[in-house]
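The values are calculated or read from the model by the stated rules, or taken from the named source; none is laboratory data. Note that the coordinates shown come from a computational prediction; the quantities given were computed from them, not determined experimentally. Counting neighbours? That spans all protein chains shown, and the Cβs are built from the backbone with ideal geometry, glycine included.
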Amino acid sequence: MAKPKVTPRMSDEAVKAKTGKTWAEWFVLLDKAGARKMDHQAIVAYLEKTHGLGGWWDQMVAVSYEQARGLRQKHEKPEGFEISVSKTVAVPVAELFEAWENPKRRARWLDEAIVIRKATPSKYLRIAWSDDRTHVAVNFYSKGQGKSQVSAQHSKLPNAKAAERMKAYWAGKLAQLRQCLEA
């Protein structure tokens with residue numbers, strides 16, 4: 001099987017500074033440990049037990065290895081594919097939240113019927129997407145006076161193509177939202 005061309009999200013210099021090894025060194029080590037035949041949890045457990053990197057680094061090395069060896073695609077999680085898009089907007093966080101939560105305001109920029117399952121004002125929304133089994137977690141962050149950020153994380157997508165489509169969709173919708181609010 002040919003190795004896919006995957007570039008880890010972090011440089012060799014950065015990963016070596018934090019873990020003591022380059023990507024190539026981690027990948028050779030994991031190959032020798034038989035990680036190609038392990039599931040994600042087993043790779044993480046091996047890294048934790050043998051190298052003790054810590055939770056985040058164990059995950060980063062495992063995911064990067066899986067992607068480099070063709071065991072996991074970009075945006076792939078155990079329960080499906082997941083994407084995240086964020087946008088900073090020149091309005092207070094309460095106004096940004098209201099543009100999502102209020103159906104009339106939301107209709108100005110989002111043309112999908114959604115079901116809000118849970119909400120905490122100016123913090124987050126949990127949304128059931130209109131026509132499928134996917135979910136959207138929307139988080140809000142204050143970025144100082146009159147400025148805030150929204151992050152939309154769409155999960156349980158069925159495949160890489162759907163993930164790429166929804167990443168582009170949310171990038172466009174968040175740009176449209178910003179345009180509506182900053183006009």
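Scanning region 116-138 for residues that are over 11 Å from E82 (Cα atoms), among the polar types (S, T, N, Q) and surrounded by 15 or more Cβ atoms within 10 Å (Cβ to Cβ) yields a total of 1. Suppose the filter is surrounded by fewer than 16 Cβ atoms within 10 Å (Cβ to Cβ) and in the same structural domain as A160 (by TED's automatic domain parsing); does A113 pass it? In short, yes.
Just to verify a result, which residue in region 47-86, among those that are of a type in the set (D, E, K, R) and under 14 Å from the mean Cα position of the chain (by Cα), is surrounded by the fewest Cβ atoms within 10 Å (Cβ to Cβ)? Outline the logic, then answer.
The first filter runs over region 47-86 and keeps only residues of a type in the set (D, E, K, R), leaving 48-49, 58, 66, 69, 72, 74, 76-77, 79, 82.
The next check asks that each one be under 14 Å from the mean Cα position of the chain (by Cα); those that pass are 74, 76-77, 79, 82.
Values: K74: 14, E76: 19, K77: 14, E79: 10, E82: 19.
Residue satisfying both the conditions and the ranking: E79.
In this structure, does K147 turn out to be surrounded by 15 or more Cβ atoms within 10 Å (Cβ to Cβ) and of a type in the set (D, E, K, R)? Talk me through it step by step, then tell me what you get.
Values: surrounded by 15 or more Cβ atoms within 10 Å (Cβ to Cβ): yes; of a type in the set (D, E, K, R): yes.
Yes, satisfied.
Of a type in the set (S, T, N, Q), farther than 18 Å from L181 by Cβ and touching a Ser or Thr at 6+ places or on another chain (Cβ under 6 Å) - does that describe any residue in region 140-161? Write out each step before concluding.
From region 140-161, those of a type in the set (S, T, N, Q) are 142, 145, 148-149, 151, 153, 155, 159; that's our starting set.
Restricting the remaining residues to those that are farther than 18 Å from L181 by Cβ gives 153, 155, 159.
From what is left, the residues that are touching a Ser or Thr at 6+ places or on another chain (Cβ under 6 Å) are 153.
Yes: region 140-161 contains one or more residues that are of a type in the set (S, T, N, Q), farther than 18 Å from L181 by Cβ and touching a Ser or Thr at 6+ places or on another chain (Cβ under 6 Å).
Every residue, every condition in (1) part of a strand (DSSP E or B); (2) at pLDDT below 95, yes or no:
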site: I83; (1), (2): yes, yes
site: E98; (1), (2): no, no
site: E112; (1), (2): no, yes
site: D131; (1), (2): no, yes
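Each residue in region 150-183 was checked for being in a strand (DSSP E or B) and buried (at least 20 other Cβ atoms within 10 Å of the Cβ), and 4 pass. V44 falls short on exactly one of the conditions (1) among the hydrophobic types (A, V, I, L, M, F, W, C); (2) surrounded by fewer than 17 Cβ atoms within 10 Å (Cβ to Cβ); (3) under 30 Å from R165 (Cα atoms), and that condition is (2).
Set side by side, the residues K74, K104, K118 differ, and just one is in contact with a strand residue (DSSP E or B) (Cβ under 9 Å, 6 or more places away or on another chain) and either without any contact (Cβ under 8 Å) to a residue 12 or more places away in the chain or part of a helix (DSSP H, G or I) (or both), which is K118.
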